[in-house]
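Worksheet: one structure, shown below.
All of the numbers you see were taken from the coordinates with simple rules; none came from a lab. Bear in mind that the values here come from a model prediction, so they are computed numbers and not experimental data. Ideal geometry is used to build each Cβ from the backbone, glycine not excepted, and the neighbour counts take in all protein chains shown.
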Amino acid sequence: MNRRERRRRAKLQKRRRSAAAAPPKTEAPFNDALVHQNEGRLGEAEILYRQILETDPDHADSLNQLGVILARTDRHAEGARLIAKAVALAPGEASYHNNHGIVLTHLGRPGEALECYREALAREPDNAQTLSNFGAVLKALRRPGEAAVQYQRALALRPDFAEAYSNYGNVLMDLERVKDAVSCQRQALRLNPRYAVAHNNLGSALKRLGRHGEAAASFRRALDLAPGYDDALNNLGEILKERGEAAEAMTFYQRARAAAPAKASFHSNHLLAMNSVAGLDRDSVFAEHRLWGERHAAPLAPPDPLHDNDPDPERVLRVGYVSADLRRHSVAYFIEPVLRSHDRSACLIHCYSGVVREDEVTGRLRRHADRWRRIHQLGDGETADLVRRDGIDILVDLAGHTMNNRLLVFARKPAPVQVTWLGYPNTSGLDAMDYRLTDAWADPRNDGDQYYTERLVRLAGGFLCYRPPGDTPRPQPPAAAAPVTFGSCNNLAKVTPRVIAVWAAILKRVASSRLLLKSKPLADEDSRRRVEDLFAGHGIAAERLEMMGWVASASHLAVYGRIDIALDPFPYGGTTTTCEALWMGVPVVTLAGDRHSGRVGLSLLGKLGLDDLAASSPEDYVERAVALAGDRTRLGALCGDLRARVERSGLTDAKAFTEKLEAAYRRMWRHWCARRNGR
């Protein structure tokens, strides 16, 4: 008999002794209830526990066990109430405190759960299961270092504890010890090869290492073992999307949402992927965004969102920016010049940073803020309360439905005026989001406003301000006699089979031309082989392709010195990559779509007076790319002039852009004040 079985039997005997100590009329039904419960007949056990409690309302063991059953059958609130009563009746019983912590965790009350586990461990310090539970709640509270210590203690006590190994691996991911995390998941699977959770967690760790093919296989194995496993369904959808298979990913997102309809993040992932799928009509995409708002945000809206902000239309404004991407990330290239250029006589700037692991970019951004709030350890409700206490007048979302977004903070309407900008190419779907910043290229006037829950505010001259990285190399003119090299440094998620078909048509038309692709998933052999096979299906040999993984420094811009013409993907085009290409003297050919996600390229090219590089159809896209490739004189001229043209266009003029932005904020604020003052 192993230690785990001895512990289980000891607990069972303890419960039976408790029953024996109770009045005789409760002993037999309690023992029968335990048998039913241990053998999975929860309905029968529940009936017996309730009968016992009718006779003896203070029977602590029955309260505890009934609470556990209620929690296991998704009645967590009632379960928590019963277990809390058991704790009050028998505060020395460690298992009651542990069970109470488990249920409170499910109720989204990790702070209270933490105290329950502390109480349990004070009474039974060598309980490996409680230590593992303690580690899980510390991870949920974003305290991975402390969580790691608890898992180490649990595994020292129980080296055969597969669940603890897997959970420890997840904590190591948070600590950026990804290779160690892979080792933990593999150990969990050695202990229990049919442990679906560990297969899923192994997939997540392999994905972080860029081993996308192996990761997809791990997610599929988890689903073989547990077909309705929501996390694995979502994760497989994510990896398919990142490999450029967004259409195939849709099925897995839909299944994940069906399995866990309350998980807003799954729904957000689905929405983000929809932007990359060609052929989805705007009505259906908008309906899905509205559904997100109705299902996840609307229930959190205050019944009467009163704000006590001073309704003076001309006073200094408190502006708050919310993002988990205030670090080395695309968002930083566009928010940093704004933070640096805000007029402090008009605006006081608060940044609400969800960054877990800060870097040098985070430090630079922090220096441009009047107040910096770290919110990665705060829940959405706590963050909303903080925003209210800070007296924010205008709260700006920089994430939309991208990873680690905090839209559920905005759902609570903590600020009088709420705005979404920059990080996401579509509506938030929230009634609580008042405005969306855009421009007339990305969202033409009187054409599509009905597809946004927000009121569109079109900034004159463009909705972006770009800060190029420092010390970037000078543009390199194309070699006159060399074959043309097309290129894309966009996320592979945007390079769908339809995009590849159009790019292959261009390569066929331009003799000896090559295509350079750079994206993080292309460090993975399986992902490269898939791209090669897709091009081969259109008659393009692998020798005409060059694929590169991610380059994590400013030196990645040097890659543009090997590209003559950048090709923008569709229907979800680039933003940062387009700015980088233009800054590096590389012209960009884009396909102007019917919605914002496909029109940012037009916005940037239009600002530079290069509208002729924006095509109106896939066929037109091919023709414009082929024509530009054949005009070596123009290519050379553009390479020599593009950086200066970017500077002349105002795309990098932070002061002028921020003045327009602040004027827009002021108009929004005056409108709120007029409504508040009854005018």
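With helices as the sole contributors, the chain gives -16500 deg cm²/dmol at 222 nm; each DSSP H run of n ≥ 4 counts as -39500 (n - 2.57), and the sum is divided by every residue. Taking a ≥ b ≥ c as the square roots of the eigenvalues of the Cα gyration tensor, an a/c ratio of 1.5 or more together with a/b no larger than b/c marks the stretch 194-279 as oblate. Using the Cβ atoms and a cut-off under 10 Å, what net charge is assigned to the surroundings of Arg514, where Lys and Arg are +1 and Asp and Glu are -1? Here the charged neighbours net out to -1. Compute the FRET efficiency between Ala301 and Asp224 as 1/(1 + (r/R0)^6), taking r as their Cβ-Cβ distance and R0 = 60 Å, and round to the nearest 0.05. Taking R0 as 60 Å, the efficiency between Ala301 and Asp224 is 0.90. Taking other Cβ atoms within 10 Å as a rough exposure proxy, Val355, Val277 sort from fewest to most as Val277, Val355.
Treating r as the C-beta distance of Met403 and Arg315 and R0 as 45 Å, the FRET efficiency rounds to 0.80. Taking 0.36 nm per residue of separation and subtracting the current Cα-Cα distance, fully stretching the chain between Glu39 and Asp74 would add 10.7 nm.
Here the gap between Arg474 and His376, fully extended at 0.36 nm per residue and compared with their Cα-Cα distance, gives a gain of 31.4 nm. Across the stretch 390-447, Cα pairs under 8 Å and at least six residues apart give a relative contact order of 34 percent. The trypsin sites (Lys or Arg not before Pro) of the stretch 261-328 that meet both conditions, a loop assignment by DSSP and at most 13 other Cβ atoms within 10 Å of the site Cβ, are Arg315.
For the charge dipole of the chain, defined by +1 on Lys and Arg C-beta atoms and -1 on Asp and Glu C-beta atoms about the Cα centroid, which residue among Tyr151, Gly391, Tyr253 has the Cα displaced farthest towards the positive pole? Value: Tyr151. With a Förster radius of 56 Å applied to the beta-carbon distance between Glu358 and Gln51, the computed FRET efficiency rounds to 0.50.
Restricting to bridges with both residues inside the chain, how much of the DSSP beta-bridge set is antiparallel, in percent to the nearest 5? Around 0 percent of the beta bridges assigned by DSSP in the chain are antiparallel ones. For the stretch 214-290 and the stretch 610-679, what is the separation of their Cα centres, given in Å? Going from one Cα centre to the other spans 32 Å.
Tell me the relative contact order for the chain as a rounded percent, counting alpha carbon contacts under 8 Å between residues six or more apart.
RCO, the chain: 9 percent.
Counting only Cβ charges, +1 for Lys and Arg and -1 for Asp and Glu, the dipole size of the chain around its Cα centre is about 1220 debye.
The alpha carbon gyration tensor of the chain gives principal lengths a ≥ b ≥ c with a/c of 1.5 or higher and a/b greater than b/c, which makes the shape prolate.
For His36, what is the net charge nearby, where nearby means another residue's Cβ is under 11 Å from its Cβ and Lys, Arg count +1, Asp, Glu -1?
Within the 11 Å Cβ shell, the charges total -3.
Annotation: peptides 69-76, 670-677, ranked by per-residue average of other Cβ atoms within 10 Å with the highest first, follow the order 69-76, 670-677. Only one residue of Ala287, Gln377, Thr453 has its Cα farthest out toward the positive end of the dipole of the chain, where Lys and Arg carry +1 and Asp and Glu -1 on Cβ, and that residue is Gln377. When +1 charges are put on Lys and Arg Cβ atoms and -1 charges on Asp and Glu Cβ atoms, the dipole computed for the stretch 417-560 relative to its Cα centre reaches about 460 debye.
Legend: distances between Cα atoms for Lys413/Lys655; Lys241/Lys413; Lys139/Lys207; Lys139/Lys494; Lys139/Lys413; pairs beyond 25 Å are Lys413/Lys655; Lys241/Lys413; Lys139/Lys494; Lys139/Lys413.
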